[in-house]
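Following: one structure in structure tokens, then a few remarks.
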Amino acid sequence: MDDARFLGIAELTETETPSVAVVVDVMRAFTVAAWAFAQGAEKIVLAESLDEALALKARHPDWVALKDGPLAPGFDTVNSPGLLRSIDLGGRTVVQKTTAGTVGALAVKEAQLVLCAGFVVAEATARLLRTRRSADGVTFVVTGEDGQADEDLACAQYIARRATETGTETEPGTDAAEFLRRAAESRAAAELAQGVRQGVHADDVALCLELDRFPFAMVATLEDSLMVLRPQRIVHPHQDGRP
């Protein structure tokens, strides 16, 4: 994708609002979001702050609130795919507040199309970009480490390449191995594996590196002033639609 831009969150303030934005947080916000949908969540509200997340939870006691780091009063769980995969979220609304991922999505909330992504939804995200790509190009928001997080940049670059390919049997497309290797060797992966970060499950890194685990993209839109994330299933043209 020659017209793709890769920007950190801070750099977004220096540019015009993109028409199409892909917000990437591999470890762990949008891997967690994908798992939430896989566990049955109807939608995810991306909170501006911990206080807003708690206020939303107070108004909607049946909502499930999660955050980075250790579990805190008022929150139901933490931003860990390994921990979330055992929770039944059937029909529930999740409120998510993280250090980087939710911040990045809210920074581009005025864009015409906002996708939130990680490796677990990479191919579905690329397919959606192929069908709805803007003439003005795509802005990839690299959320971690002020835009320097290699796991996020690697994922963004992989999706950007896949968005220009068909991925058919005659054209298999870009090999993900090198991109996944970069993510596996990233600072975030090391911190999760070494227990530097809190609210972590031993399987978190491996779950964040599962390529195309889920068949949906994740689209964020403004609904009644809230940024709401929902899954959008993407069926491969050569598949019959089964999971």
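The values are calculated or read from the model by the stated rules, or taken from the named source; none is laboratory data. Note that the coordinates shown come from a computational prediction; the quantities given were computed from them, not determined experimentally. FYI the Cβ positions are ideal-geometry reconstructions off the backbone, even for glycines, and counts take in every protein chain you see.
Scanning segment 63-79 for residues that are more than 16 Å from Glu48 (Cα to Cα) and among the polar types (S, T, N, Q) gives a single hit, Thr77. Within segment 79-106, the set of residues being surrounded by fewer than 23 Cβ atoms within 10 Å (Cβ to Cβ) and either touching a His at 6+ places or on another chain (Cβ under 6 Å) or among the hydrophobic types (A, V, I, L, M, F, W, C) (or both) comprises Gly82, Leu83, Ile87, Leu89, Val103, Leu106.
Go through Glu42, Glu52 for me and flag whichever is under 26 Å from Thr17 (Cβ atoms) and either buried (at least 21 other Cβ atoms within 10 Å of the Cβ) or more than 13 Å from the chain's Cα centre (by Cα) (or both).
Working: Glu42 fails: under 26 Å from Thr17 (Cβ atoms).
The match here is Glu52.
The residues of segment 16-31 that are touching a residue at least 60 places away in the same chain (Cβ under 8 Å), surrounded by fewer than 24 Cβ atoms within 10 Å (Cβ to Cβ) and part of a loop (DSSP other than H, G, I, E, B), listed by number, are Thr17, Pro18, Ser19. A single member of Lys97, Lys57 is in contact (Cβ under 8 Å) with a residue 40 or more places away in the chain, closer than 20 Å to Ser225 by Cα and among the charged types (D, E, K, R), and it is Lys97. Restricting Pro73, Pro61 to those that are outside any helix (DSSP H, G or I) and within 23 Å of His201 (Cβ to Cβ) reduces the list to Pro73. Looking only at segment 32-53, residues that are under 15 Å from Val103 (Cα atoms) and either polar (S, T, N, Q) or without any contact (Cβ under 8 Å) to a residue 12 or more places away in the chain (or both) come to 2 in all.
Taking segment 55-68 as the region of interest, how many residues are surrounded by fewer than 22 Cβ atoms within 10 Å (Cβ to Cβ) and of a type in the set (Gly, Ala, Ser)? Total meeting the criteria: 2. For segment 186-203, a residue qualifies if it is assigned to a loop (DSSP other than H, G, I, E, B) and under 20 Å from Thr102 (Cα atoms), and the qualifying residues are Arg197, Gln198, Gly199, Val200. Restricting attention to segment 112-122, does a residue exist that is at pLDDT 95 or above, surrounded by fewer than 24 Cβ atoms within 10 Å (Cβ to Cβ) and part of a strand (DSSP E or B)? Yes.
Tell me, which residue of segment 151-178 that is among the charged types (D, E, K, R) and either assigned to a strand (DSSP E or B) or surrounded by fewer than 21 Cβ atoms within 10 Å (Cβ to Cβ) (or both) is modelled with the lowest pLDDT? Even if it seems obvious, please write down each step before you answer.
As a first pass, look at segment 151-178 and keep what is among the charged types (D, E, K, R): 151-152, 161-162, 165, 169, 171, 175, 178.
Going one step further and asking which of them are either assigned to a strand (DSSP E or B) or surrounded by fewer than 21 Cβ atoms within 10 Å (Cβ to Cβ) (or both), we end up with 161, 165, 169, 171, 175, 178.
Details: Arg161: 94, Glu165: 86, Glu169: 49, Glu171: 61, Asp175: 94, Glu178: 97.
Here the residue is Glu169.
Looking at segment 204-238, which of the residues that are among the basic types (Lys, Arg) and either modelled with pLDDT of 95 or more or not in a strand (DSSP E or B) (or both) is nearest to Gly82 (Cα to Cα)?
As a first pass, look at segment 204-238 and keep what is among the basic types (Lys, Arg): 213, 230, 233.
When the remaining residues are screened for being either modelled with pLDDT of 95 or more or not in a strand (DSSP E or B) (or both), the result is 213, 230.
Details: Arg213: 14, Arg230: 21 Å.
Across segment 204-238, the extreme among qualifying residues is Arg213.
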